[in-house]
Amino acid sequence: MEVKRFGVSLENELLVELDRLVGKKQFPNRSQAIRYLIKKFSVEDEWEEDKNVAGAIVLVYDHHKRELQTKSTDIQHNYHDLILSVQHVHLDHHNCLETIAVKGKASKLKSLADKLIAIKGVKHGELVMTSQM
Ligand code: NI
């Protein structure tokens, strides 16, 4: 891919902030940090405009709560057209980590994630959305 160069004018404080982020997030240089920020902004914009996006729902729950798995499966079947894959990892005696790869309209992914995260017994849940590039 062709790379173009352009000049950026920034106040000193913003430049200091950019360099702080480059260091903290371990970007190799300022350009990579700016690429990341543009992409992040553009993904959020696609999300807001309800475009087709891809992502992952991550859930941590106690599998001893039996009804939880039935409810989760029911919900996943209702949204089967959005789900690409489900990975289940047994973290320890009690806890399971489920990673559900999803693709579809941002609003639908959000609604699926909200329903799963709201199930009683889910300890933590998060939806990560990215663009389809
Ligand atoms: Ni498990």
*Please calculate how many Å² of accessible area the chain carries per residue, with a 1.4 Å probe and no DNA, RNA or ligand atoms counted.*
72
*In angstroms, what radius of gyration and Dmax does the chain have, counting Cα atoms only?*
19.2, 58
_If I take all pairs of Cα atoms in the stretch 82-133, what percentage of them are more than 15 Å from each other?_
51
*Return the distance in nm (one decimal) between the two label points of a simple spin-label model at T73 and D114, each offset 7 Å from Cα along Cα→Cβ.*
2.7
*Would you list, by chain and number, the lysines whose Cα falls below 20 Å from the Cα of K103, excluding same-chain residues fewer than 8 positions away?*
K39, K40, K51, K115
*Proximal charge balance of Q132 [Cβ under 12 Å; K/R count +1, D/E count -1]*: +2
*For L59, what charge total do you get from the other residues with a beta carbon under 9 Å from its beta carbon, if Lys and Arg give +1 and Asp and Glu give -1?*
-1
_Tell me the net charge near G121. Cut-off is 15 Å between Cβ atoms, G121 excluded, with +1 for each Lys or Arg and -1 for each Asp or Glu._
+2
*Roughly speaking, what is the stretch gain from H93 to Q132, that is 0.36 nm per residue apart minus the C-alpha to C-alpha distance, in nm to one decimal?*
10.4 nm
_the chain - charge dipole about Cα centre, Lys and Arg +1 at Cβ, Asp and Glu -1, debye rounded to 20_ = 220
_Whole-percent carbon and sulfur share, accessible surface of the chain, 1.4 Å_ = 54
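The values are calculated or read from the model by the stated rules, or taken from the named source; none is laboratory data. Fair warning: this is a prediction, and the values are worked out from it, not measured in the lab. When we count neighbours, we look across all protein chains shown, and the Cβ atoms used for this are built from the backbone with ideal geometry, even at glycine. Calculation scope for accessible area: heavy atoms of the full protein, side chains included, ligands and nucleic acids excluded. Shrake-Rupley method; radii C 1.70, N 1.55, O 1.52, S 1.80 Å.
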